[in-house]
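Please read the structure below before turning to the comments.
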Amino acid sequence: MTNFKQFDISDHLKTQEDIDHYINDAFEEIDNVEDDKEATGLVLETLRTAATAERKMSAIARRADVGRESLYHSLNKDANPSFRTILSAIRELGGNLRITPRKAVA
């Protein structure tokens, strides 16, 4: 019997450019998600995956002033982290938070 390794996108995010594209693509997908809880889960899982790929969980935890284990739980799709934790993750991953007008819905 052949054993297959479970696919993990973080294994394929090798460069900052890969991570930037991954995060931006996921954030664009949020426009197609009507449910706020589902959209929030997508953001949290995207940040967790990117942080894991970059091996930056400890740095994000320090910046957010939370424990590393607590950060893993905070970036779970069903979690409710503080805004500070989310902002710390975005900044530590090299991003900015910017508000842009939403596309008009037809």
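Some notes on this structure:
- Of the residues making up the range 57-72, those that are more than 16 Å from V43 (Cβ to Cβ) and crowded, with 16+ Cβ neighbours inside 10 Å number 5.
- Meets criteria (among the small types (G, A, S) and touching a residue at least 40 places away in the same chain (Cβ under 8 Å)) for S10: yes
- Filtered by the rule that a residue be at pLDDT 90 or above, within 16 Å of G94 (Cβ to Cβ) and either over 16 Å from the mean Cα position of the chain (by Cα) or loosely packed, with under 11 Cβ neighbours inside 10 Å (or both), the range 1-35 gives E17, D25.
- Of the criteria (1) in contact (Cβ under 8 Å) with a residue 40 or more places away in the chain; (2) under 9 Å from the mean Cα position of the chain (by Cα); (3) closer than 16 Å to L97 by Cβ, which one T49 fails: (3)
- Residues of the range 1-41 that are outside any loop (DSSP other than H, G, I, E, B), among the β-branched types (V, I, T) and in contact with a Leu (Cβ under 8 Å, 6 or more places away or on another chain): I19, I23, I30.
- Residue satisfying condition, being closer than 15 Å to I90 by Cβ, at pLDDT below 90 and either polar (S, T, N, Q) or out of contact with any strand residue (DSSP E or B) (no Cβ under 7 Å at 6 or more places or on another chain) (or both), within set A50, A64: A64
- The range 73-84 residues that are under 9 Å from E45 (Cα atoms), paired with ones that are assigned to a helix (DSSP H, G or I) and of a type in the set (D, E, K, R) (beta carbon under 6 Å, 6 or more apart): L75/R48; K77/E45
- Restricting attention to the range 88-104 and to residues that are of a type in the set (A, V, I, L, M, F, W, C) and either closer than 22 Å to D18 by Cβ or in contact with a Lys or Arg (Cβ under 7 Å, 6 or more places away or on another chain) (or both), the residue that is modelled with the lowest pLDDT turns out to be L97.
The values are calculated or read from the model by the stated rules, or taken from the named source; none is laboratory data. This is a predicted model, so every value here is computed, not measured. For neighbour counting, all protein chains shown are included, and Cβ atoms are generated from backbone atoms with ideal geometry for every residue, glycine included.
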